[in-house]
Amino acid sequence: MSERSGALSRSEELDLYARLIEGDPTAPSDLAVTYLDRLTEWLIRHNPGVDPHDCATAAEDAILALIKNPRSYKSERQTLEVYLRISALGDLRNRLRSEQRYRERRVPLDVVELSPDARKYLWDVVGDPALIVEKLEDVDLATIRANLQVALTEEENRVLELMTQGERRTEAYAAVLGITHRPVSEQRRVVKRVKDRIKKRLERAGGWSE
Amino acid sequence: MSDRIDALARRVVNDPHFLASVLWVYARSEGVDDEDLAGMLGCPVSTLAPLALCRRPRPEPPFFQQDVERIAQHFGIRPETLAEIVRRADALAALQRGAEGDRGFLMAARDATEEVNHEENRT
């Protein structure tokens, strides 16, 4: 079979997808040959702080998932390539979250600095029209963390999670920070200090908007 | 073919959805390497990885023949050889399942015997 170096046209893409749905035994191979390298390279390019091996595995996962369940793709919503990118980003995010959970080193957020690569990554993701999401923090929170070149403390991670979920109640933050036994006024001060610190870092990276 | 396609083909050798599982079982049982396998199929070695990422042919007639011919035509390989490889791998897998079933049956029988003996010794 001939190798394909570029993206497929929309009609070629739909034809390949139709072959997957119809059970053409050669369609899974064509899908992988067409998209695996492109998808992996795209992930590596947009996640410069992430191990390329993790990017490759996430790309494989996305392609295998589509082969096993081709109806998960809705052709009227987006192109096949965009669907695969979103799916692979989701896989990568889950992988990074899992690794983050088990990371041994815990460095407080205020003693580290952002890298130029992190800024580039954040800019690239926002600027990529292929992503059909609007808020950066919704795209790939775990990757943002990875690119901040920090291992957040467990508490800081949970605060960041709450922030991205739009949580506004002080008691929710106080609970994850383990300060619910302190006076409410003090809880507010501590919560605000931690949130401001995280926001400041993300603002400097261009990745936070209220 | 890219190294990533090779890696993906290796990743799915134990997944019965893919032809990779068939090719792997056959190559292992017959003691053939990639060059031998490619020679038998009439294709370059570089074709083996994308070939392995095809869906395994459905076993029921007439789908088996249709799938084998479709794959053979797509990759320019010998359909009769591919069919033979799939059948041989299926037969080996059936034999293995049978052997495991026998082993399971014998183990269950032995357990039952030991249990009876244990009960007899207690009484």
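The values are calculated or read from the model by the stated rules, or taken from the named source; none is laboratory data. Note that the structure is predicted; figures quoted are calculated from it, not measured. We place every Cβ from the backbone using ideal geometry, glycine too, and count neighbours over all the protein chains shown. Just so you know, the surface numbers come from the protein's heavy atoms only, side chains and all, with ligands and any DNA or RNA stripped out. Shrake-Rupley method; radii C 1.70, N 1.55, O 1.52, S 1.80 Å.
When the Karplus curve 6.51 cos²θ - 1.76 cosθ + 1.60 is applied with θ = phi - 60°, which whole-Hz ³J(HN,Hα) does each residue of the range B:76-89 get, with x for Gly and Pro?
x, 10, 7, x, 5, 5, 4, 4, 5, 5, 5, 4, 4, 5
What is the percent carbon and sulfur in the accessible area of the range A:1-102, measuring with a 1.4 Å probe over the protein chains and ignoring ligands?
Carbon and sulfur atoms account for 45 percent of the accessible area of the range A:1-102.
Once you place label points 7 Å from the Cα toward the Cβ at A:Glu99 and B:Val13, how far apart are they in nm?
Here the modelled spin labels are 2.6 nm apart.
What quantity of accessible surface, computed with a 1.4 Å probe and excluding non-protein components, is buried in total between chains B and A, in Å² to the nearest 100?
Summing both sides, the interface buries roughly 2000 Å².
For A:Glu41 and A:Arg71, compute 0.36 nm times the residue count separating them, minus their Cα-Cα distance, and round to one decimal in nm.
Full extension of this stretch gives 8.3 nm more.
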